[in-house]
Amino acid sequence: MTADERRAGVDLTNLDQPLSPDAGATKRDLVDYLDAVADRMLPALAGRALTVLRVLRGQAPFMQKNVPKYAPGWVRTVPVWAEASKRQVHYAVCDDLRTLLWLANQRAVEYHPSLWLAADPRRPTHLVLDLDPPDGGDFAAVVAVAHLVRQALADSGLAGAVKTSGAKGIHVFVPLDGTAAMDDVAAATRALAARTEALDPRRATTAFIVADRAGKVFVDSTRAGGATVVAAYSPRLRPGMPVSFPLAWSDLDSARPGDFTVHTAIDALAGRDPWAERMPEPQRLPDDLIAQGHAIPVARVAAMHEGKRRARARRDDV
């Protein structure tokens, strides 16, 4: 196949093909955007196991963990044991522009790195709360709960940085000093979600079961352990190709998810790197926060048991 052009040692092909029927962007738009934002985006990817969302012509989008066998030898990988499938998964590690552009040429649109570095997978580098809107996608409601998260953090002696998810939600990242093990970070995440809900239970909920959320914003505490979170500046496969964009806390109220796309984000950055600029220094998680979280059931496990209980109750009513 003849390359359309070559950048950073990578042959780029079929650049003028649309990424999807409703993306409003071509593969060239994707490559141009990632090339322009690479110096800001790569620090969030470097050294981490990377999952990407790929969209191939004529196929449904899919999440790719294992690096394909045809990948160039210079694409760095890291083996991770997958307990669910009982196998070794070889994730890509995107440390440089060449790897990023190669992934883009593979039509990798979204970039979801691990919250831990491959060099020390037992110590997450960030705690993350993911805020999801109720049905209808009321972003203003998500913003209101993001401010509650900020208050819960402050009350716990912590600070975080905020970004749009690139879809309809918001991510709050808290950088960690490396002293907390994975289970303790997961516990602290649950505790912060509970403290956020307690500040205004009319707006925020930690209910994992969608039917129990009653039109409230879901404060998702499950972005811990082996979970991934879309990287700052990563595109999302949505109409218009929005990107996950860092914001100042003071700008949240005036922002909208569709404001930042592969077509507009570079101009909006104005040569700056707001994710790096606004990220607080790494912090130690308070002992009381960790202790509170260990007393809170893991959301997915609790939801599974509750689902079984409800199913039994329905059977008994028949």
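A short reminder: the numbers here are calculations on the coordinates, not readings from a lab. Just so we're clear, the structure is a prediction, and the values are computed from it rather than from any experiment. Cβ coordinates were reconstructed from backbone atoms using ideal geometry, including for glycine residues, and neighbour counts include every protein chain displayed.
One table, with the values for the structure above:
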item	result
Quarter of the Cα convex hull surface for the chain, i.e. its orientation-mean projected area (nm²)	18.3
Between 0 and 90°, nearest 10: helix 27-45 axis offset from the chain longest Cα axis	50
Förster radius 30 Å - calculated FRET efficiency between Met63 and Glu281 (Cβ-Cβ, nearest 0.05)	0.40
Once the Cα gyration tensor of segment 128-279 is diagonalised, semi-axes √(5λ) in Å	24, 19, 14
0 to 90° range, to nearest 10: angle between helix 299-317 axis and the chain longest Cα axis	60
Cα Rg over Rh - segment 128-178, Kirkwood	1.01
Neighbour cut-off at most 12 other Cβ (10 Å), DSSP loop, trypsin sites (Lys or Arg not before Pro), segment 120-169	Arg122
Distance in nm between pseudo-label sites at Asp22 and Asp212 (7 Å out along the Cβ direction from Cα)	3.1
The chain: most fluctuating residue of Thr77, Thr196, Thr179 per GNM, C-alpha cutoff 10 Å	Thr179
Long-range HN-HN contacts of Leu127 with modeled amide H, under 5 Å	Val174, Leu176
Label-zone membership for segment 130-152, site Arg256, 7 angstrom Cα→C-beta point, backbone N under 17 Å	136-144
Relative packing of peptides 263-269, 207-213 - highest average C-beta neighbours within 10 Å first	263-269, 207-213
Phi to ³J(HN,Hα) by Karplus 6.51 cos²θ - 1.76 cosθ + 1.60 over segment 238-255, Hz, x for Gly, Pro	9, x, x, 6, x, 10, 6, 10, x, 9, 6, 4, 6, 9, 4, 5, 9, 8
Computed E for Thr179/Trp81 - FRET, C-beta separation, R0 22 angstrom, nearest 0.05	0.35
Per-residue [θ]222 nm for the chain (sum of -39500 (n - 2.57) over DSSP H runs n ≥ 4, rounded to 500)	-10000 deg cm²/dmol
Candidates per trypsin sites (Lys or Arg not before Pro) in segment 1-88, loop by DSSP, up to 11 other Cβ within 10 Å	Arg57, Lys69, Lys86
Charge context of Val230, other residues only, Cβ under 11 angstrom, K/R +1, D/E -1	+1
In degrees, nearest ten, helix 182-199 long axis to first principal axis of the chain (Cα)	60
